[in-house]
Amino acid sequence: MPVFIMYEFKSLDNGRFGKVQRRMFYLSSLGLFLDGYDLSIITMAMLVIPSQLHLGFYEKIYVDTSSFIGMLIGAPVLGRLSDMIGRKRIFGLDLLFFVVFAITAGLSGNFYELFISRLLMGFGIGGDYPISSTMMSEFSPKNSRGRLLLGMVGMYWLGAFISAVMNYIFVIFTDFWRYTFIIGGIIALPLILLRLKVPESPRWLASKGKIGDAESVLKDISGVSDVEKSSKTVKRVHGFYFTLIFVVAAWFIFDVAAYGLGFYYPLIFSELGFRDNFRSIAEISMIISIGGMLGYVIALPVADKIGRRFLTIFGFFVMTLLLSLGSIIKISGIASVPFYFLFVLFEQWVGAVTLFYPTELFATDVRSTVQGIATAASRAGAILGIVIFPFYPVFHSLLVFAVASFIGLIIAIFMAPETNRKSLEQNVEMYTNKNPKL
């Protein structure tokens, strides 16, 4: 069983939210913004792409899931590379995939070109999950880390909102999806250049024995060079695997329901009374996105007070309740808008915490790797939800996803840890490692 040394970073953990952290927040958050833009822009595009590119039933499903398949591969690959060669080196590379293949997706003329473009774009987006969330977690003060990570994930819904705005503007063209895809790639280009200027994570540097470099970064951030070798030597124990099972299972279950529904919102509203009214569907998508953002606004002030465990359990509970009621009442027409608005508002409490839990619970040498594995599991859940939905009527699907959410609730009650107001090293010691008997 491997034994390793831990370090403490008191100036980071107890310091203020300074200029470097603020820049890191924006650059990390914009990766989630692009994810929200891309995974939302395709949902309305798929109302017209099948007929324009002559896609069969299974080809449509392949295109629907192509980005998620790419993410499933990219997250563990780039996540592991981040632990091996550094966060900074991968921080800009991942978005290069997004820029190039968002543009080629918009230029696609057949199924194969579109599928491959979105698959490779997904590879880059998948890699951004473990890298951005790990960077943000490793640079954040412990008392504000929860709301910073929540704010970062909340940018997903700003991206979703902007995608709805773009759809509304360009829907006057029959091939509006080409414009909206290409715009996404153009938006990402300056972000790559800005990411090249960020410092390397001092926690990663220390984990590789580069203490001098870590102290230099800390001095630039806080004016203090205080990388301290912990008096405790730690090793992996059974808690590591228990916690790994939790972060993988909880995020997988959440994405089955969240993407199983979320990916089809335009189709759902088309079937519930807004058929072929693309501008109305785009307007409703904006409203739903506002619900997602409002969920984060409500959660931000309490994330570092009541903690992650409450947000996860209560979010799964409300998801189970609303989906069960929706499957029984069979809401349709304009009444479906506030229903899904409320669902998105509360589901994001779970979505945010399950996304960043791995970055708070695992040691620096495997933090991005585990985040990549958990991201891959979540994308597998998303693919499962996306594939399940077309085979059932809308209200039957709600019941299926209610059952999935209930399973998530049980998992959270018995397994969800509390990482609130503790340093990353304290969480690691408590949940995934312990002191050996020397």
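The values are calculated or read from the model by the stated rules, or taken from the named source; none is laboratory data. Owing to the predicted nature of the structure, the values given are computational and were not obtained by experimental measurement. Note that each Cβ is placed from the backbone with ideal geometry, even for glycine, and that neighbours are counted across all protein chains shown.
Values as computed for the structure displayed
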read-out	value
In segment 111-132, the residues that are over 18 Å from Tyr26 (Cα atoms) and in contact with an Asp or Glu (Cβ under 6 Å, 6 or more places away or on another chain)	Phe111, Gly124
Test: residue in segment 388-395 that is touching a residue at least 60 places away in the same chain (Cβ under 8 Å) and closer than 28 Å to Asp128 by Cα	yes
Residue in segment 274-285 that is free of Cβ contacts under 8 Å to residues at least 60 places away in the same chain, of a type in the set (Val, Ile, Thr) and crowded, with 19+ Cβ neighbours inside 10 Å present	yes
Unique match (being modelled with pLDDT of 90 or more, surrounded by fewer than 24 Cβ atoms within 10 Å (Cβ to Cβ) and in a helix (DSSP H, G or I)) among Ile268, Ile221, Ile290	Ile290
Total residues in segment 235-261, condition farther than 24 Å from Ile383 by Cα and at pLDDT 95 or above	0
Selection count, segment 330-352, where residues are more than 22 Å from Ile281 (Cα to Cα) and free of Cβ contacts under 8 Å to residues at least 40 places away in the same chain	0
Candidate set: segment 390-438, residues that are in a helix (DSSP H, G or I) and of a type in the set (Gly, Ala, Ser); chosen: the one surrounded by the most Cβ atoms within 10 Å (Cβ to Cβ)	Gly408
For Gly15: the one exception among (1) modelled with pLDDT under 90; (2) part of a helix (DSSP H, G or I)	(2)
So Thr134, is it buried (at least 24 other Cβ atoms within 10 Å of the Cβ) and either in contact with a Ser or Thr (Cβ under 6 Å, 6 or more places away or on another chain) or over 23 Å from Leu78 (Cα atoms) (or both)	yes
Cβ-Cβ under 9 Å pairs, at least 6 apart or on other chains, segment 164-181 side without any contact (Cβ under 8 Å) to a residue 40 or more places away in the chain and in a helix (DSSP H, G or I), far side aromatic (Phe, Trp, Tyr) and surrounded by 14 or more Cβ atoms within 10 Å (Cβ to Cβ)	Ile169/Phe176; Ile169/Tyr179; Phe170/Phe176; Phe170/Trp177; Phe170/Tyr179
